[in-house]
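All remarks here apply to the structure that follows.
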Amino acid sequence: MTKVLIVAEHDGKALNSSVAKCVSCASDIPDAEIDIAVFAGDGASLAAEAAKIDGVTRVLQVDNAANEQLLAATLAPQVVQLADGYTHLFGPSTTFGKDLMPRAAALLGVNQISDIMEVLDSHRFKRPIYAGNAIVTVAAPDDHIVVATVRTASYRSAAMDNDAKTRTVTIDADLPTHTRYVELQAGSSDRPDLQTASRVVSGGRALGSADNFEIIFKLADTIGAGVGASRAAVDAGYVPNEMQVGQTGKIIAPELYIAIGISGAIQHLTGIKDAGTIVAINKDEEAPIFEIADIGLVGDLFKIVPELQQALES
Amino acid sequence: MEKILVGLKRVVDYNVRVRVRADGSGVETSGVKMSINPFDEIALEEALRIRERGDASEVIVVSMGSSESQQQLRTGLAMGADRAILVETDGEMDSLTGARILLKIIEKEEPDLVLLGKQAIDNDNNQTGQMLAALWGRPQATFASEVVVNGNSLKVKREVDVGLETIEVDLPAVVTTDLRLNEPRYVKLPDIMKAKKKPLDQLSAADLGVEAGVPISNETYEPPEQRKKGIMVDDVAGLVAALKDKGLVK
Ligand SMILES: Cc1cc2nc3c(=O)[nH]c(=O)nc-3n(C[C@H](O)[C@H](O)[C@H](O)COP(=O)(O)OP(=O)(O)OC[C@H]3O[C@@H](n4cnc5c(N)ncnc54)[C@H](O)[C@@H]3O)c2cc1C
Ligand SMILES: Nc1ncnc2c1ncn2[C@@H]1O[C@H](COP(=O)(O)O)[C@@H](O)[C@H]1O
């Protein structure tokens, strides 16, 4: 019997969109029974939300004051206890899942399969390596639990009209105190979330300053888009790190991606391979971004972007 | 703190556009430029800065792999590491085995801090540091963009999806680096000469008595799906028309 346990990511108030994507991935495993684990201080409303995700059989709610903050070191021993009896343990390949899942895998004595992009059968999966320049088919041993992270950009969220059973579970594990949460500096934004936005406008080094980056925000607001950036733009301090798109930033799959003043380095392209339509605006007609763009426009962004924004406004 | 241990993996240089072999047996690595994994270079730089500030006295670099990894260790010594350890392994090694080997080295060297990259840019696994911390029963601070040493603990800023998270961890601990932690120094020629005299110990994974992890086997490799060639437009009007055509704007 194939039983998948998914560790839910959340911010204490709502589930992260990665949860329903992990469920989609797990649903591709033939005859899988899917449960979700919600670790929180008080996870009642989060568990109720998880119970709505289509394809879920059970939601396990693990309340503990130590779970007010989701730290890998405190979560891992609890996850390991809960994973007993499951054939698969999945988490998202977000910073939350990347931090936690390998720690749980090591405690379970197995390697982790990172970034599942396709399920072939219960123990064979496809995943990207070398910044997405190669796709490898991997096989996990079938006499051990499969621990994996799911590349969320490869999956659509499962629908939300289920009514799964919810159960509270008490876990009696020795939780370490050597790791303590201090604070979170989160960029507050009314714009659509970069990871789930159906449209994203990104700016690169060519913007030249934080002030100039305003034209990217303006264009994005005109079309209701989220805003991203290249690493060069983040490193130069034009925008904060959570806006970086690419191999070491966010991997996204919007319907429309507009890259402005971005050259198209491999590491950036890794982050947008699954986008529906890619538009590139760059003054250099030789820029590699044009090799993968669906629509390309050569020219000076400082002239084009305001013009485009006006055209789309009317 | 006394010692800092840094992992240096030999990987295909980040500027190389890797190709999948026609028979799907792997990616072409013969004749391509090899370098220290970029995140590991950042890890070493951070260790050196901590030592130079007087917060540590010794930096040890360790690499697991073929004997060719000596090159990367020599570069690490030239950057300023005090000594190097090469653990020779046969063929491709899984992360859990890697973490078990590092744990053996830790038991011997008793470092106060282990600095690794957040991911090796060949397998993009992003798991060795977390596994090591788990096996060692010690804290992990992954994706670090700032590390502050406060006596027996560290304050680490981590790059997370929503912004920057700060955590405090007791030493000893494992820290994995993100790109913005620092900018690694360049190696100067005299340092390369000096590095030749620094100690480089060689041992084999078998010597350490490490039990190999259950590997995930790699069956076949394929190139990623190529995106279809797009169109070029001449001006903003052309761009808007093309977007309308695809139903992306009204
Ligand atoms: C291990 C590693 C991981 C990395 N991870 C990432 C990642 O996750 N994401 C990422 O983005 N990068 C990443 N990088 C960096 C990447 O290699 C590139 O350096 C970076 O993407 C370049 O950013 P850019 O395109 O904004 O800048 P540049 O490459 O400098 O390109 C600027 C572009 O703007 C164009 N331009 C200039 N002026 C104008 C103008 N007035 N109008 C129109 N166009 C103009 C230029 O023609 C040029 O093409 C990584 C690198 C390494 C080594
Ligand atoms: N063979 C190796 N030799 C030295 N360090 C390694 C090796 N493999 C992994 N590491 C360290 O672990 C980090 C994460 O690797 P990975 O989990 O494979 O993505 C790397 O950035 C290195 O610091």
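The values are calculated or read from the model by the stated rules, or taken from the named source; none is laboratory data. In this text the structure is predicted, and so the values were computed from the model without any measurement. We place every Cβ from the backbone using ideal geometry, glycine too, and count neighbours over all the protein chains shown. For accessibility, only protein heavy atoms count, side chains too; no ligands or nucleic acids. Shrake-Rupley method; radii C 1.70, N 1.55, O 1.52, S 1.80 Å.
Considering each residue of region B:152-199, count those that are of a type in the set (A, V, I, L, M), over 27 Å from B:Ala99 (Cβ atoms), touching a residue at least 40 places away in the same chain (Cβ under 8 Å) and surrounded by fewer than 20 Cβ atoms within 10 Å (Cβ to Cβ), and give that number. Before the answer, list the steps.
As a first pass, look at region B:152-199 and keep what is of a type in the set (A, V, I, L, M): B:154, B:156, B:160, B:162, B:164, B:167, B:169, B:171, B:173-175, B:179, B:181, B:187, B:189, B:192-193, B:195.
So of that shortlist, the ones also over 27 Å from B:Ala99 (Cβ atoms) come out as B:162, B:187, B:189, B:192-193, B:195.
Keeping just the survivors that are touching a residue at least 40 places away in the same chain (Cβ under 8 Å) gives B:187, B:192, B:195.
Checking which are surrounded by fewer than 20 Cβ atoms within 10 Å (Cβ to Cβ) leaves us with B:187, B:192.
Qualifying residue count for the region: 2.
Kindly indicate whether B:Val18 is more than 15 Å from ligand 2 (Cβ to nearest atom) and crowded, with 16+ Cβ neighbours inside 10 Å.
So B:Val18 fits the description; yes.
Among the listed residues B:Pro190, B:Pro224, identify the single one that is within 7 Å of chain A (Cβ to nearest Cβ) and not β-branched (Val, Ile, Thr). Step through it out loud before you land on a result.
On the way: B:Pro190 fails: within 7 Å of chain A (Cβ to nearest Cβ).
None of the other options fit; the residue is B:Pro224.
Looking at region A:286-314 only, could you name the residues that are within 9 Å of ligand 1 (Cβ to nearest atom) and either open to solvent by 30 Å² or more (accessible area, probe 1.4 Å) or under 19 Å from B:Leu243 (Cα atoms) (or both)?
Once the filter is applied, which keeps residues that are within 9 Å of ligand 1 (Cβ to nearest atom) and either open to solvent by 30 Å² or more (accessible area, probe 1.4 Å) or under 19 Å from B:Leu243 (Cα atoms) (or both), region A:286-314 yields A:Glu286, A:Pro288, A:Ile289, A:Val298, A:Gly299, A:Asp300, A:Leu301, A:Phe302, A:Lys303, A:Ile304, A:Val305.
Residue-wise test of (1) basic (Lys, Arg); (2) within 14 Å of another protein chain (Cβ to nearest Cβ); (3) over 21 Å from B:Ala47 (Cβ atoms).
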residue: B:Arg158; (1), (2), (3): yes, yes, no
residue: B:Asp170; (1), (2), (3): no, yes, no
residue: B:Val174; (1), (2), (3): no, yes, no
residue: B:Arg180; (1), (2), (3): yes, yes, no
residue: B:Arg185; (1), (2), (3): yes, no, no
residue: B:Ala195; (1), (2), (3): no, no, no
residue: B:Pro199; (1), (2), (3): no, no, no
residue: B:Ala206; (1), (2), (3): no, no, yes
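What single numbered condition from (1) more than 8 Å from chain B (Cβ to nearest Cβ); (2) farther than 22 Å from A:Gln267 by Cβ fails to hold for A:Thr152?
Tallying (1) more than 8 Å from chain B (Cβ to nearest Cβ); (2) farther than 22 Å from A:Gln267 by Cβ, A:Thr152 fails exactly one: (2).
Out of all the residues in region A:149-166, which are open to solvent by 50 Å² or more (accessible area, probe 1.4 Å) and either free of Cβ contacts under 8 Å to residues at least 40 places away in the same chain or over 23 Å from the mean Cα position of the chain (by Cα) (or both)?
Correct list: A:Asp163, A:Lys165, A:Thr166.
With the checklist (1) of a type in the set (D, E, K, R); (2) more than 16 Å from ligand 2 (Cβ to nearest atom); (3) in contact (Cβ under 8 Å) with a residue 12 or more places away in the chain in hand, flag the one item A:Arg127 doesn't pass.
Just one mismatch for A:Arg127, condition (2).
Looking only at region B:89-120, count every residue that is part of a loop (DSSP other than H, G, I, E, B), touching a Lys or Arg at 6+ places or on another chain (Cβ under 9 Å) and either of a type in the set (A, V, I, L, M, F, W, C) or more than 13 Å from ligand 2 (Cβ to nearest atom) (or both) and tell me the total. I'd like the intermediate steps shown before the answer.
So the first thing to find is which residues in region B:89-120 are part of a loop (DSSP other than H, G, I, E, B), and the list is B:89-94, B:110-112, B:118-120.
After this cut, where a residue has to be touching a Lys or Arg at 6+ places or on another chain (Cβ under 9 Å) as well, the list is B:110-112, B:118-120.
Now restrict to residues that are either of a type in the set (A, V, I, L, M, F, W, C) or more than 13 Å from ligand 2 (Cβ to nearest atom) (or both): B:110-112, B:120.
So the count comes out to 4.
Could you check B:Glu146 against (1) open to solvent by 20 Å² or more (accessible area, probe 1.4 Å); (2) more than 7 Å from chain A (Cβ to nearest Cβ); (3) part of a loop (DSSP other than H, G, I, E, B) and say which number it fails?
B:Glu146 satisfies every listed condition except (3).
Could you look through region B:6-49, keep only residues that are touching a strand residue (DSSP E or B) at 6+ places or on another chain (Cβ under 7 Å) and assigned to a helix (DSSP H, G or I), and pick out the one that is nearest to B:Thr89 (Cα to Cα)?
B:Asp40
Counting only residues that are of a type outside the set (A, V, I, L, M, F, W, C) and more than 7 Å from chain A (Cβ to nearest Cβ), which one in region B:112-137 is farthest from A:Lys98 (Cα to Cα)?
In this case the residue turns out to be B:Asp112.
Scan region A:42-54 for residues that are open to solvent by 10 Å² or more (accessible area, probe 1.4 Å) and under 20 Å from the mean Cα position of the chain (by Cα) and report the count. First the steps, then the outcome.
Going through region A:42-54, the residues open to solvent by 10 Å² or more (accessible area, probe 1.4 Å) turn out to be A:42, A:44-45, A:48-49, A:52, A:54.
Now drop any that are not under 20 Å from the mean Cα position of the chain (by Cα), which leaves A:49, A:54.
Summing the residues that are open to solvent by 10 Å² or more (accessible area, probe 1.4 Å) and under 20 Å from the mean Cα position of the chain (by Cα) in region A:42-54 gives 2.
For region A:191-305, please list each of the helices (runs of 4 or more DSSP H) lying entirely inside it that holds at least 1 residues being at the interface with chain B (Cβ under 9 Å from one of its Cβ atoms).
In region A:191-305, the matching helices (runs of 4 or more DSSP H) lie at A:231-235, A:266-269, A:289-292.
Yes/no per residue for (1) within 8 Å of another protein chain (Cβ to nearest Cβ); (2) more than 19 Å from A:Thr170 (Cβ to Cβ):
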site	(1), (2)
A:Arg58	no, no
A:Ala72	yes, yes
A:Ala76	yes, no
A:Ala83	no, no
A:Leu108	no, yes
A:Gln112	yes, yes
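Would you confirm, using the coordinates I've provided, whether B:Ala212 is more than 8 Å from chain A (Cβ to nearest Cβ), small (Gly, Ala, Ser) and surrounded by 18 or more Cβ atoms within 10 Å (Cβ to Cβ)?
On the way: more than 8 Å from chain A (Cβ to nearest Cβ): yes; small (Gly, Ala, Ser): yes; surrounded by 18 or more Cβ atoms within 10 Å (Cβ to Cβ): no.
So B:Ala212 fails the test.
Take the residues in region A:167-183 that are open to solvent by 70 Å² or more (accessible area, probe 1.4 Å) and either touching a strand residue (DSSP E or B) at 6+ places or on another chain (Cβ under 8 Å) or within 11 Å of another protein chain (Cβ to nearest Cβ) (or both), then tell me which one is farthest from B:Trp136 (Cα to Cα).
Across region A:167-183, the extreme among qualifying residues is A:Arg167.
Yes/no per residue for (1) open to solvent by 20 Å² or more (accessible area, probe 1.4 Å); (2) more than 24 Å from A:Met1 (Cα to Cα):
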site: A:Ser24; (1), (2): yes, no
site: A:Thr74; (1), (2): no, yes
site: A:Thr87; (1), (2): yes, no
site: A:Pro92; (1), (2): no, no
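Matching residues to (1) open to solvent by 10 Å² or more (accessible area, probe 1.4 Å); (2) within 16 Å of ligand 2 (Cβ to nearest atom); (3) among the small types (Gly, Ala, Ser):
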site: A:Ile215; (1), (2), (3): yes, no, no
site: A:Ala232; (1), (2), (3): yes, no, yes
site: A:Asn241; (1), (2), (3): yes, no, no
site: A:Ile260; (1), (2), (3): no, no, no
site: A:Ile266; (1), (2), (3): yes, no, no
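What are the residue pairs meeting all of these: first residue in region B:5-23, first residue within 14 Å of another protein chain (Cβ to nearest Cβ), second residue in a strand (DSSP E or B) and of a type in the set (D, E, K, R), Cβ atoms under 9 Å, and 6 or more apart or on different chains?
These pairs meet every condition: B:Val20/B:Glu222.
Looking for something within 16 Å of ligand 1 (Cβ to nearest atom) and touching a strand residue (DSSP E or B) at 6+ places or on another chain (Cβ under 8 Å) - is there at least one such residue anywhere in region B:55-72? Write out each step before concluding.
Filtering region B:55-72 down to residues within 16 Å of ligand 1 (Cβ to nearest atom) leaves B:72.
Narrowing the set further to residues that are touching a strand residue (DSSP E or B) at 6+ places or on another chain (Cβ under 8 Å) leaves B:72.
Checking region B:55-72: at least one residue is within 16 Å of ligand 1 (Cβ to nearest atom) and touching a strand residue (DSSP E or B) at 6+ places or on another chain (Cβ under 8 Å).
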